[in-house]
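For reference, the structure is listed below as structure tokens.
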Amino acid sequence: MKVTLKAESVVHGGETLARHDGRVVFLRGAAPGDRVEAELTGEGRFERTRALRVVERSTSHVDPPCPIVERCGGCPLQHVTYEAQLAAKEELTADALERIGGFPRGSYELEAIVPSPTQFRYRRRARLHRAAGGAWGFAQAGAATIEPVDECLLFEPLLEELAQVARRAGELPGVVDLGLLTGEKKGAIDLRIEGPAAAGLRRRAEELIQHPLVRGVTLAGSAIGDPVIVDAPLPNGARLRARPDTFAQANRSMLPALQREALRAVGDAERVLELFCGSGTLTLPLLGRGQQVTAVENAGPSLALLRRSADEARLAVKLIAGDAPAVVRAFADLVDVVLLDPPRTGAADAVRALASLAPPRIAYVSCDAPTLARDGKLLAQSGYRLVRAVPLDLFPQTAHFEVVATFQR
């Protein structure tokens, strides 16, 4: 049945909340305040649907510039003004911490969300999946098919150029997706395969590095050319490194703000234990400040890049290769603060292990507010209180954002 709905607010995942006859409806394609027409089945306690047309447009609704925004699904907030996106993400931070974590509003300091200097053309890295017919594109949430993408408006110009190089590379037999990473002038490509490399794939990879834009390629963990991207020096002289097959923050314009808030959360504590350090996005800014830093990571290539960056700048850091919960349980040194930046799934096991270590302060950097709230609840059960949360919009037009939270005993 077709009904008219009033979109209320953005929810986690980028949909907007509406209600009909006491049931909750999650809408795609509607901005907060819109009145839209939608098709409902009327089955279940809630359902998901898409706005068929906007009956009455709110002031938070704008025309999305991407022609495939509805089919791609990667930018569910592109039709929402940037001011409304920021307000929604700030509210979602407070909502998750209260509803899931049990931290009432007003019991901690929630700072205003830090906006991104650029709302489009900000991504320096991406991963493209193989679509039907050999094209490359993105997977929409909950869909099995890949939407071919000829151009992405979130890509930095250099990343878009690199993506075009990959698209024009011809057949890449056995490659299921492409990882793309750019530096200031060049980029690198990761060819991800399932099983052994197909005949001729290495030759294709060697052809790719002949392009003046491509520094190197990674194939099944091996390097062809030089796939390491090196950023400009930090104030302490350290240069962050990444490869297309390791993690790197996508929005380079927001990296200083994220690093600043992480340093602020750590404070001047003398002994720092960092978990999930990767190749050093948050580790490197800590070095050279008179603090003893121990960094933990289970991905060997990332840890090797961090070691190279620290040694180059002659900055001291102790690195431990291993699984974070196991390292914490075996850690015997005194710790003043633990800094952790886990994947989107959170760090419940590591957080439980921290109870025995009992550091006075924990700085938790999260790319998912609900898992931060879940893990924060575990910390509260171990005697920690949330004192500050700072959301940062590293992913405009999408449903994602970062939060830097500070917990103290």
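The values are calculated or read from the model by the stated rules, or taken from the named source; none is laboratory data. Treat the numbers as computed from the prediction; the structure is a model and nothing was measured. Backbone-built Cβ (ideal geometry, glycine too); neighbour counts: all protein chains shown. Ligands, DNA and RNA are excluded from the accessible area calculation, which covers all protein heavy atoms including side chains. Shrake-Rupley method; radii C 1.70, N 1.55, O 1.52, S 1.80 Å.
Glu297 meets each of the listed conditions (1) at pLDDT 95 or above; (2) open to solvent by 50 Å² or more (accessible area, probe 1.4 Å); (3) under 24 Å from the mean Cα position of the chain (by Cα) apart from (2). Is segment 98-109 home to any residue that is free of Cβ contacts under 8 Å to residues at least 60 places away in the same chain, at negative phi, aromatic (Phe, Trp, Tyr) and surrounded by 22 or more Cβ atoms within 10 Å (Cβ to Cβ)? No, segment 98-109 has no match at all.
Selection over segment 33-55 of residues that are in a loop (DSSP other than H, G, I, E, B) and crowded, with 22+ Cβ neighbours inside 10 Å gives a count of 1. Identify all residues within segment 385-409 that are open to solvent by 10 Å² or more (accessible area, probe 1.4 Å) and over 15 Å from Glu111 (Cα atoms); write none if there are none. Hits for segment 385-409 are Arg385, Phe395, Thr398, Ala399, His400, Gln408, Arg409.
Here is a yes/no grid of residues against (1) of a type in the set (Asp, Glu); (2) over 28 Å from Leu372 (Cα atoms); (3) touching a residue at least 40 places away in the same chain (Cβ under 8 Å); (4) assigned to a strand (DSSP E or B):
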| site | (1), (2), (3), (4) |
| --- | --- |
| Ala112 | no, no, no, no |
| Pro117 | no, no, yes, no |
| Phe120 | no, no, yes, no |
| Ala126 | no, no, yes, yes |
| Phe138 | no, no, yes, yes |
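How many residues are open to solvent by 20 Å² or more (accessible area, probe 1.4 Å) and more than 27 Å from Ile229 (Cβ to Cβ) if we restrict to segment 308-326? Final tally of qualifying residues: 1. Could you grab me the full set of residues in segment 11-32 that are free of Cβ contacts under 8 Å to residues at least 24 places away in the same chain and not in a loop (DSSP other than H, G, I, E, B)? Passing the criteria: Thr16, Leu17, Ala18, Arg19, His20, Val24, Phe26. Only residues that are at negative phi, of a type in the set (Gly, Ala, Ser) and either part of a strand (DSSP E or B) or surrounded by fewer than 19 Cβ atoms within 10 Å (Cβ to Cβ) (or both) were counted in segment 56-80, giving 1.
Just to be sure, is Ala88 closer than 19 Å to Val69 by Cβ, assigned to a helix (DSSP H, G or I), touching a Leu at 6+ places or on another chain (Cβ under 9 Å) and not aromatic (Phe, Trp, Tyr)? In short, yes.
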